[in-house]
Amino acid sequence: MQQREPRSWKPALIAVAVVLLIAAGLLLLGHRNTAETNPGGAALAPPAAYASSLPITGIQMSDSSNLSGGKEMYIDGTITNHGAGTVRAVTVQIGFKDVAGQLAGKETLPLNLVRFREPYVDTVPVSAAPIKSGEARAFRLIFDTTPGSWDGAYPEIRVIAVSVQ
């Protein structure tokens, strides 16, 4: 008669613990991203404290057709850092209004700076080219869709989060 070695439950318990930790991490990340996708609820989120030091000027809208037959809308402008710190990230919220002046939709996205314009417009996140105090930089926001009830007027652009060093 052969004698069996006792089974060790240690590897199985470690595997279960690792799976539970990964699941908990994914759940927390999913919850965090959901909360950040719609700051402000049904209205626009309040501006960041540093937003008054980051005026946005020279706004221009344009659109173009893409290769798949859809349209893209662009908002180009300039952001200037009048604050004392170096800006490392900017999140903006764009409010599209309807003909009655009510909020028809909003979009929250990171601000991307224009790196160069020829032979095509190339953008980078602010973290790749931080904005020092006194500097002005061109930016571009890109939209694949806009609200159907949007009146077509220039939307409101609000700086809602800023990372400053």
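The values are calculated or read from the model by the stated rules, or taken from the named source; none is laboratory data. This one's a predicted model, so the numbers in the text were calculated from it and none came from an experiment. When we count neighbours, we look across all protein chains shown, and the Cβ atoms used for this are built from the backbone with ideal geometry, even at glycine. Areas reflect the complete protein model, heavy atoms only, side chains present, ligands, DNA and RNA absent. Shrake-Rupley method; radii C 1.70, N 1.55, O 1.52, S 1.80 Å.
Any chance you could count how many residues in the stretch 118-145 are charged (D, E, K, R) and either under 22 Å from G41 (Cβ atoms) or without any contact (Cβ under 8 Å) to a residue 40 or more places away in the chain (or both)?
Final tally of qualifying residues: 2.
Step by step: first the residues of the stretch 128-151, then only those that are assigned to a loop (DSSP other than H, G, I, E, B) and of a type in the set (V, I, T), then the one that is most open to solvent (accessible area, probe 1.4 Å). Which residue is that?
Ranking the candidates gives T145 first.
Within the stretch 102-117, identify whether any single residue is open to solvent by 40 Å² or more (accessible area, probe 1.4 Å), without any contact (Cβ under 8 Å) to a residue 12 or more places away in the chain and either in contact with a Pro (Cβ under 9 Å, 6 or more places away or on another chain) or farther than 20 Å from Q60 by Cβ (or both), and answer yes or no.
yes
Answer with yes or no whether F143 is touching a Leu at 6+ places or on another chain (Cβ under 7 Å) and either under 22 Å from A48 (Cβ atoms) or β-branched (V, I, T) (or both).
no
Output the residues belonging to the stretch 79-127 that are of a type in the set (A, V, I, L, M, F, W, C) and more than 17 Å from F139 (Cα to Cα).
If the condition is that a residue be of a type in the set (A, V, I, L, M, F, W, C) and more than 17 Å from F139 (Cα to Cα), then A84, F96, V99, A100, L103, A104 are the ones that fit.
Just a yes or no: is a residue in the stretch 84-96 among the small types (G, A, S) and within 13 Å of the chain's Cα centre (by Cα)?
Scanning the stretch 84-96 turns up at least one residue that is among the small types (G, A, S) and within 13 Å of the chain's Cα centre (by Cα).
Check the stretch 92-114 and report whether any residue there is farther than 25 Å from G41 by Cα and among the basic types (K, R).
no
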